[in-house]
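Quick note: the coordinates plus some simple rules give every number you see, no bench work behind them. Bear in mind the structure is a predicted one, so any value in this text is a computation, not a measurement. Please note: Cβ atoms are built from the backbone with ideal geometry, for glycine as well, and neighbour counts cover all protein chains shown.
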Ligand SMILES: [Zn+2]
């Protein structure tokens, strides 16, 4: 059997906002303090393939929602030598506004999405602000249109996209959330997206405030842990610590792009020891 490809993995930080700890944990936090949130798009590249994971939000939506937009996620791909016009595969972990905006800037891409996410985003729950407020109706309508053009690739559960890269359904945060497992030079990593917004959620078994099913959110933590070679192989969806733990690929990209397929710096994040090699899936 040929060796698995070892992909390079990058995070591009495209927006940020000030927030407080009590915003991020169900039940609040006894030590309320500032807790900023970063917003990322991710890139997996290697073996002649490039996957963009999530497409962020636009400057217009940032203004509406009072987020601090730093750069366009699609245009920022050029920092890694990638032209959004030529990207063939975009993985959407879910359809929240901060993960699917800018889809129209990928004119030749197929969008990989869980069946259950499309059902959720076009179904009865969107009538309730608790569930619907994190979606932009225009994004969802856009995805429906793309589907009629054959540009949505639906997945149901766990599926391999190519050797060394697979999608894994977790649900919980939304009905159809999926995470991405990637084989790299340092082993199996998981882009957890909103299965764990910050390292702290997964490591303390506390839940983020935007939720579809709390039981599935807890089980998503465990599934992500099983899929990754160690806790340090898991990349949370919104944690500013990611930019501190991982190096910029070039000095002038400090604070903008982080390379994730190299070991993280040894600053304190782990509360659990690395487990033995995973028997994942
Ligand atoms: Zn989300």
Per its Cα gyration tensor (rounded if a/c is under 1.5, else prolate when a/b beats b/c, else oblate), the chain is best filed as rounded
In nm, spacing of pseudo-spin labels at residue 147 and residue 159 (7 Å Cα→C-beta vector): 1.3
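Run the numbers for residue 185 and residue 128: contour at 0.36 nm per residue of separation, minus the present Cα-Cα distance, in nm.
16.1 nm
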Is the range 46-168 rounded, prolate or oblate when judged by the Cα gyration tensor, a ≥ b ≥ c being the square roots of its eigenvalues, rounded requiring a/c under 1.5 and prolate requiring a/b larger than b/c? oblate
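Say R0 is 22 Å: what FRET efficiency, to the nearest 0.05, do residue 23 and residue 244 get from their beta-carbon distance? Could you put the intermediate results ahead of the total?
Values: r = 21 Å, r/R0 = 0.94.
Efficiency computed from Cβ-Cβ geometry: 0.60.
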Can you give me the distance in nm between label points at residue 108 and residue 205, each placed 7 Å from the Cα along the Cα-to-Cβ direction? 4.9
